[in-house]
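*Asks:* Dropping a structure here in structure tokens format, bear with me for questions.
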Amino acid sequence: MKKRILTGDRPSGRLHLGHYIGSLQNRIKLQDVYEQYVMIADVQALTDNFENPKKITTNVFEVAMDYLSVGIDPSQSTILIQSQIPEIGELTVYYLNLVTLGRLERNPTVKAEIQQKDYTDSIPAGFFCYPVSQAADITIFQAEVVPVGDDQVPMIEQTNEIVRRFNRIYNTQCLKECKPFLSKTPRLIGIDGKFKASKSLGNAIFLSDSKEEIKAKVFQMYTDPHHIKISDPGSTEGNAVFIYLDAFHPDKQEVENLKEHYKRGGLGDTTIKSILNQVLQDLLEPIREKREKINFAEVQEILYQGTEKAHQLAKTTMEMVREAIGIKYFNKK
Ligand code: TRP
């Protein structure tokens, strides 16, 4: 029996190179070894986009196309849409009883997001509680391993606390604890050299960007502001072009040689950007071509089948949960 894993993304935009090295590449490998469920977390995305549902609903399909175009294989991975499984919402309601506001307040990831979004004075309750809903996402599929970035570790901890409390209070073993599976690659910075590549900052290269968009973004990239003349010695630290070369150039020795040359002086920004452009074009061209061949009906069918399969599993878990609490009034199904 393969162990089950669950990963997910909020469909608030198309996926970019940061997702590719941080999680998508991993998923392509993990689907061979594990029974992989990949959730498009539209309900979670709505917690901070509830005024703009169209953005989320259209991106459900964009994200699914991104998955398929990088090689997440629907015959090996179950791709599902969160909102279409109402049992997740139901389970969340029972979990909310097992969590205190104080505990939610201490979640460092949510804390940081509240700051970023300027919610400090009026936090939407749905947003504040999304870690509880995420605990339901994970446990309803009885996932044992959750591949995530380090910002998601607090969610896993909170999930396991809920699981232990539930199992203790209702004297059951029906819920499983899970482990994070941390991606080894550090977070990819934006093309502007800022901390994180993200769609909201407009500093990301998307998997579906055209040839021209990729090139324009590469040539806009932040390098070393003190590297003015080609002959000047340059710094590769915090230099977005070198960080991307480290992440995506297939020949590590070549990158080391380029770094040496750049630090010594005599290697121009235009040259390193041309090299990076070629590396990224080679990486993204087959992905883009695959994406262009996928038609809408096909994606819709894949999502439908995946969601149906996941729904059956969610129903089974929910039966056990209701039974454990004792919420069972009728003998009929
Ligand atoms: N919170 C995750 C993120 O922002 C997305 C997500 C939702 C998720 N549900 C999940 C990740 C369940 C792993 C498991 O990226």
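The values are calculated or read from the model by the stated rules, or taken from the named source; none is laboratory data. Small disclaimer: the values here were computed from a predicted structure and weren't measured. Note that each Cβ is placed from the backbone with ideal geometry, even for glycine, and that neighbours are counted across all protein chains shown. Just the protein is used for accessible areas: all its heavy atoms, side chains included, with ligands, DNA and RNA removed. Shrake-Rupley method; radii C 1.70, N 1.55, O 1.52, S 1.80 Å.
*Asks:* Report whether or not residue 56 is under 12 Å from the mean Cα position of the chain (by Cα) and open to solvent by less than 10 Å² (accessible area, probe 1.4 Å). It would help to see each step written out before you state the result.
*Replies:* Details: under 12 Å from the mean Cα position of the chain (by Cα): no; open to solvent by less than 10 Å² (accessible area, probe 1.4 Å): yes.
Here the answer is no, as residue 56 does not meet what is asked.
*Asks:* Go through the range 107-132 and report how many residues are in contact (Cβ under 8 Å) with a residue 12 or more places away in the chain, open to solvent by 20 Å² or more (accessible area, probe 1.4 Å) and under 20 Å from residue 89 (Cα atoms).
*Replies:* Adding up the residues that qualify gives 4.
*Asks:* Would you check which residues across the range 292-329 are out of contact with any helix residue (DSSP H, G or I) (no Cβ under 7 Å at 6 or more places or on another chain) and among the polar types (S, T, N, Q) and list them?
*Replies:* Within the range 292-329, 295, 300, 305, 312, 316 qualify.
*Asks:* Restricting attention to the range 150-174, which residues are under 21 Å from residue 129 (Cβ atoms) and either modelled with pLDDT under 95 or within 15 Å of the ligand (Cβ to nearest atom) (or both)?
*Replies:* 151, 152, 153, 154, 155, 156, 157, 158, 159, 160, 162, 163
*Asks:* Among the residues of the range 164-214, which ones are open to solvent by 60 Å² or more (accessible area, probe 1.4 Å) and in a helix (DSSP H, G or I)?
*Replies:* Residues satisfying the conditions are 164, 165, 168, 169, 211, 212, 213.
*Asks:* State whether the residues of the range 21-31 include one that is of a type in the set (D, E, K, R) and open to solvent by less than 50 Å² (accessible area, probe 1.4 Å).
*Replies:* Residues of the range 21-31 of a type in the set (D, E, K, R): 27, 29.
Checking the rest, the ones that are also open to solvent by less than 50 Å² (accessible area, probe 1.4 Å) come to 27.
So far as the range 21-31 goes, yes, one or more of its residues are of a type in the set (D, E, K, R) and open to solvent by less than 50 Å² (accessible area, probe 1.4 Å).
*Asks:* Can you tell me which residue in the range 135-144 is farthest from the ligand (Cβ to nearest atom), limited to those that are at negative phi and either open to solvent by 20 Å² or more (accessible area, probe 1.4 Å) or in a helix (DSSP H, G or I) (or both)?
*Replies:* Looking at the filtered set, the residue picked out is 144.
*Asks:* Same structure, new question: If you take the residues of the range 1-43 that are acidic (Asp, Glu) and in a strand (DSSP E or B), which of them is farthest from the ligand (Cβ to nearest atom)? Before the answer, list the steps.
*Replies:* Start the filter on the range 1-43 by keeping residues that are acidic (Asp, Glu), which leaves 9, 32, 35, 42.
Those left that are additionally in a strand (DSSP E or B): 9, 35.
Values: 9: 6, 35: 15 Å.
Step by step, filter the range 1-43, then rank; the result is 35.
*Asks:* Looking only at the range 274-290, which residues are within 13 Å of residue 70 (Cα to Cα) and either among the acidic types (Asp, Glu) or open to solvent by 30 Å² or more (accessible area, probe 1.4 Å) (or both)? Step through it out loud before you land on a result.
*Replies:* Filtering the range 274-290 down to residues within 13 Å of residue 70 (Cα to Cα) leaves 283-290.
Correct list: 283, 285, 286, 288, 289, 290.
*Asks:* Being in contact (Cβ under 8 Å) with a residue 40 or more places away in the chain, open to solvent by 40 Å² or more (accessible area, probe 1.4 Å) and either in contact with a Cys (Cβ under 7 Å, 6 or more places away or on another chain) or of a type in the set (A, V, I, L, M) (or both): is that true of residue 230 here?
*Replies:* Numbers: in contact (Cβ under 8 Å) with a residue 40 or more places away in the chain: no; open to solvent by 40 Å² or more (accessible area, probe 1.4 Å): yes; either in contact with a Cys (Cβ under 7 Å, 6 or more places away or on another chain) or of a type in the set (A, V, I, L, M) (or both): yes.
For residue 230, the condition - in contact (Cβ under 8 Å) with a residue 40 or more places away in the chain, open to solvent by 40 Å² or more (accessible area, probe 1.4 Å) and either in contact with a Cys (Cβ under 7 Å, 6 or more places away or on another chain) or of a type in the set (A, V, I, L, M) (or both) - is not met.
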